[in-house]
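Only the coordinates and a few stated rules stand behind these numbers; no lab work does. Everything numeric here is computed off the predicted structure, so don't read it as measured data. Positions of Cβ are generated from backbone atoms using ideal geometry, with glycine treated the same way; all protein chains shown enter the neighbour counts.
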Amino acid sequence: MGKTGLLLDQRYERHDTGPQHPESPRRLAAIRKAIEEVTVDPRIEAIEPQPILPAGLLRIHSRDYVTRVDAACRQGLPFIDVPDSAICPDSYEIALLAAGGTTQAIDAVMSGDLANAFCAVRPPGHHAERSQSMGFCLFNNVALAAERLLRYHELERVLVLDWDVHHGNGTQHSFEHLREVLFISLHGHPDVLYPGTGFENETGTGDGEGYTLNIPFMPGTTGDEYRRAFNEQILPAIDDYRPQFILISAGFDAHRLDPLAPLCLETSDYEWMTQTVIEAATRHCQGRLTSVLEGGYHLDALSESVTTHLALLAESAG
Ligand SMILES: [Zn+2]
């Protein structure tokens, strides 16, 4: 019997992106409200996040970048690097808390204290490059977790499955040269959707050739095509790789109702994908799975999808 860790701290709502920004604190408030109805579930255990030490960021980000984010927040600048990446004076500290909490989640899953975990963090991370913020992301929470699984936990095969509707450029670029991370991303086609990367022919470099799998989809794509991609490409790749840990970059913005992207998934498709990945984790790595929030901008679709996702994690843990 295990438990599902839930990282959902109100401090993540202190990353204030301004009244017009889609990546707003209201996202987490909506998730919190929806989840409060299920957290009486004894199989769910809250994770109390601590900030990551700034030095802990340096395996993924440059020292110059970390210093710049800190300084920009201290100076009260409205954004870092690109107007999309809005910040407030607290954003640096909250971003450290997002990366720190995610680290604690994977550590607890590795030690067996938790069976699996879901991290409802802000700011999101998968667009963050080594030395540049992009697309609402400051520090790459999932890349930092994957790197820690390799270096600190000494794993040799980590799967990062990124089902956010936008390509996880920062994560891909962190690991595309390594075979120790298999990066699989499903996303809107780079010809039509931000950030314009994630073509099928981006398959890794050097030793990492063949360990990056990009599956782009055109506008209007429904869950049927996602399920086919899982059955024909993703699950065979996972079963061949035999991951020792699975990280999900869990954006919910491929949902039909999402205002930022033209794909047409339903909440039931996220439910199916969640169950499918749980089963893969059970087959390969004793269920070791940690899911980290990325995008998702329709508040009802987001909170419904997250609640379903979390309930399945808890069911598999218990
Ligand atoms: Zn996204």
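Taking θ as phi - 60°, what are the ³J(HN,Hα) couplings along the stretch 217-234 by the Karplus curve (6.51, -1.76, 1.60), each to the nearest whole Hz, with x for Gly and Pro?
3J(HN,Hα) across the stretch 217-234, in whole Hz: 10, 7, x, x, 4, 9, x, 4, 6, 4, 5, 5, 4, 4, 5, 9, 10, 6.
Net charge within 9 Å of PHE183 by Cβ-Cβ distance, Lys/Arg positive one each and Asp/Glu negative one each, not counting PHE183 itself?
-2
For the pair ARG228/GLU154, report the inter-label distance in nm, with labels modelled 7 Å from Cα in the Cβ direction.
Between ARG228 and GLU154, the simple spin-label model gives 4.5 nm.
What is the sum of charges around ASN214, taking Lys and Arg as +1, Asp and Glu as -1, for the other residues whose C-beta is under 12 Å from the C-beta of ASN214?
Combined, the nearby Lys, Arg, Asp and Glu give -4.
If you build a Gaussian network model of the chain, linking Cα atoms that sit under 10 Å apart, which residue out of ALA55, ALA301, ALA95 swings the most?
Result: ALA55 has the largest fluctuation of those listed.
Within the stretch 295-318, whose backbone N sits under 17 Å from a point 7 Å along Cα→Cβ of ALA29?
297-304
Once you keep just the Cα pairs under 8 angstrom separated by 6 or more residues, what percentage relative contact order results for the chain?
Value for the chain: 20 percent.
Per residue, how much space in cubic angstrom lies within the convex hull of the C-alpha atoms of the chain?
110 Å³
Using a 7 Å offset from Cα along Cα-Cβ at ASP240, what residues in the stretch 168-208 end up with backbone N under 14 Å from the label point?
Under 14 Å, as judged by backbone N against the label point of ASP240, lie 182-184, 203-204 of the stretch 168-208.
Out of all DSSP beta bridges with both ends in the chain, state the antiparallel percent to the nearest 5.
5 percent
In whole Hz and in residue order, list the ³J(HN,Hα) couplings for the stretch 108-123 that follow from phi through the Karplus curve 6.51 cos²θ - 1.76 cosθ + 1.60, θ = phi - 60°; x for Gly and Pro.
Residue by residue, the stretch 108-123 yields 5, 5, 5, 6, x, 5, 10, 7, 7, 7, 10, 10, 8, 9, 9, x Hz.
So for the stretch 205-318, what percent of the C-alpha to C-alpha distances run longer than 19 Å?
Across the stretch 205-318, Cα pairs with separations above 19 Å total 49 percent.
Would you grab the residues whose amide H sits under 5 Å from the one on LEU7? Only those 5+ places off in sequence or on another chain, please, with H modelled 1.01 Å from N.
ILE47, PHE118, CYS119, ALA120
Give me, ordered by chain and number, the residues 5 or more places off GLU294 or on other chains with an amide H under 5 Å from its own placed amide H.
ALA250, GLY251, PHE252
Please work out the Cα center distance from the stretch 173-239 to the stretch 36-87, rounded to the nearest Å.
Computed from Cα coordinates, the inter-centre distance equals 26 Å.
Once amide H atoms are placed 1.01 Å from N in the peptide plane, what residues at a sequence separation of 5 or more from PHE217, or on another chain, have their amide H within under 5 Å of its amide H?
Long-range HN contacts for PHE217: HIS187, GLY188, HIS189.
What does the charge dipole of the stretch 4-317 about its Cα centre add up to, to the nearest 20 debye, if the Cβ of each Lys and Arg holds +1 and the Cβ of each Asp and Glu holds -1?
With only Lys, Arg, Asp and Glu charged at Cβ, the dipole is about 620 debye.
Label GLU279 and HIS177 with points 7 Å out from Cα along Cα→Cβ: what is the distance between them in nm?
The modelled label-to-label distance comes out at 3.8 nm.
Grab the Cα-Cα distance for ALA46 and ARG130, subtract it from 0.36 nm times how many residues apart they are, and report the gain in nm with one decimal.
Computed gain between ALA46 and ARG130 is 27.2 nm.
When the Karplus curve 6.51 cos²θ - 1.76 cosθ + 1.60 is applied with θ = phi - 60°, which whole-Hz ³J(HN,Hα) does each residue of the stretch 42-51 get, with x for Gly and Pro?
Karplus-based 3J(HN,Hα) across the stretch 42-51 equals x, 7, 10, 10, 6, 9, 8, x, 10, x Hz.
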